[in-house]
Amino acid sequence: MKILIVAEKNDFRDLVELYLSGRYEIKTAENPVEALVVLEGKFFPDLIIIDNVMPFIDGMAIIGIIRRNEIYDNVKLMILCNHNGFEEKSEFLAAGADVCLTKPFRLAKLGWNIENILLEDKKTEISH
């Protein structure tokens with residue numbers, strides 16, 4: 001399974017990459033523009049983890065860009081948001097995110113969410 005992590009902060013991005021690297025093929029991007037370059041470079045992730053607060057384009061905008069491209073229809077999107085509010089999470093989910101995870105969080109919770117979202121995708125494959 002392949003995961004693209006899109007987050008501005010090096011320490012956060014590196015920590016998540018280190019935590020996941022033994023189980024998944026990981027690519028990282030510092031911002032949404034760099035993420036799009038990675039995607040255009042023929043890296044087709046199963047999941048993209050997107051930090052909502054980023055330079056140039058926020059999480060909501062990059063979700064829209066990805067969801068408008070049918071090549072990425074089957075890619076799962078996890079947004080890392082700053083507030084635990086129902087309204088914000090509802091907006092991200094309506095825009096096309098599959099999971100909203102509120103920061104701060106424990107790495108184990110991130111891992112659990114990733115396993116569940118990717119497992120759900122495998123269940124769909126099996127049922128077809």
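Nothing in this text is a laboratory measurement; each read-out follows from the coordinates by a stated rule. Remember, predicted model here, so these are calculated numbers, not experimental data. Cβ coordinates were reconstructed from backbone atoms using ideal geometry, including for glycine residues, and neighbour counts include every protein chain displayed.
Magnitude of the charge dipole for the chain, about its Cα centre and with charges confined to Cβ atoms of Lys, Arg (+1) and Asp, Glu (-1), is about 280 debye. Summarising the label geometry, the points placed 7 Å from Cα in the beta-carbon direction at Leu93 and Leu107 lie 2.9 nm from one another. Under 5 Å between amide hydrogens, built in the peptide plane, is the criterion, and for Thr102 it picks out Cys81 among residues at least 5 positions away or on other chains. Size check on the chain: the Cα extents along the three principal axes, sorted descending, read 38, 31, 30 Å. Its Cα centre serving as origin, the range 1-55 has a Cβ charge dipole (Lys and Arg +1, Asp and Glu -1) of approximately 180 debye.
Taking amide H positions as modeled 1.01 Å from N, with prolines and chain starts lacking one, the residues under 5 Å from Leu77 and 5 or more places away or on another chain are Ile48, Asp98, Val99.
3J(HN,Hα) along the range 113-118: 5, 5, 4, 5, 5, 6 Hz, from the Karplus curve 6.51 cos²θ - 1.76 cosθ + 1.60 with θ = phi - 60°, whole Hz, x for Gly and Pro. Using the rule -39500 (n - 2.57) for each DSSP H run of four or more residues, divided by the residues of the chain, the 222 nm mean residue ellipticity is -14500 deg cm²/dmol. Residue-wise HN-Hα couplings along the range 36-44, as the Karplus relation 6.51 cos²θ - 1.76 cosθ + 1.60 with θ = phi - 60° gives them from phi, are 5, 5, 4, 5, 6, x, 6, 8, 9 Hz; Gly and Pro carry x. For the range 25-30, the Karplus equation 6.51 cos²θ - 1.76 cosθ + 1.60, evaluated at θ = phi - 60°, returns couplings of 7, 10, 10, 10, 9, 7 Hz by residue, with Gly and Pro reported as x. Across the chain, C-alpha contacts under 8 Å between residues 6 or more apart give a mean separation that, scaled by the residue count, equals a relative contact order of 21 percent. The trypsin sites (Lys or Arg not before Pro) of the range 1-60 that DSSP puts in a loop, and whose beta carbon has at most 13 other beta carbons within 10 Å, are Lys9, Arg23, Lys42.
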